[in-house]
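Quick note: the coordinates plus some simple rules give every number you see, no bench work behind them. This structure is a prediction, so every number in the text was calculated from the model and none was measured. Note that each Cβ is placed from the backbone with ideal geometry, even for glycine, and that neighbours are counted across all protein chains shown.
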Amino acid sequence: MAGYPGENLIADAIGAEIIHGPNDAWQKITVNVESINEYRMTFDWIIGKDRTLHNTDIGDTLSQLITYKFRATDSPFDKYFNGKEDALSIDETAGIAIFMARLPALHAMKASSKPIIISALSAVRNSGLAKTTPMRMRVAA
């Protein structure tokens, strides 16, 4: 996202692996953001006019934006995992169960997550789908 070395100062710093420390890539990004009047006015509202912008201010702001903009709490998937069993189709439910059964990192979830996850996994295992790999499984058109 910074570009290629030779295109701009930030790309040059990253290309030279000057990521941390004085005059590093983050400092260059911060100076660049602060030099754009509209951005500085927004940060003035967030951090105050008298405070120098720091890269952590940019990171915190991006984090809050992502937390707000990328939050999904009312999707069919969310409804299903909150107990609305008919929120997903049979194929979608089977897909989730296969996905969860195939990922070792998610096996720990079975013991600690909501009962509906365990119920979904049990239903798929009992149906024999757990023995079917995604590559072998074909959905009728």
Considering only region 27-75, state which residues are in contact with a helix residue (DSSP H, G or I) (Cβ under 7 Å, 6 or more places away or on another chain), outside any helix (DSSP H, G or I) and farther than 30 Å from E85 by Cβ. L53, H54
From the option list I14, I18, single residue qualifying as more than 19 Å from D57 (Cβ to Cβ), touching a residue at least 12 places away in the same chain (Cβ under 8 Å) and surrounded by 15 or more Cβ atoms within 10 Å (Cβ to Cβ) is I14
Regarding Y4, is this residue within 26 Å of the chain's Cα centre (by Cα) and closer than 19 Å to L62 by Cα? no
Can you pull out the residues in region 1-11 that are assigned to a loop (DSSP other than H, G, I, E, B) and surrounded by 11 or more Cβ atoms within 10 Å (Cβ to Cβ)? A2, G3, P5, E7, N8
The residue that is surrounded by the fewest Cβ atoms within 10 Å (Cβ to Cβ), considering only those in region 29-67 that are aromatic (F, W, Y) and closer than 24 Å to G3 by Cβ, is Y39
Number of the condition not met by G83 [criteria: (1) touching a residue at least 24 places away in the same chain (Cβ under 8 Å); (2) surrounded by 11 or more Cβ atoms within 10 Å (Cβ to Cβ); (3) over 23 Å from the mean Cα position of the chain (by Cα)]: (2)
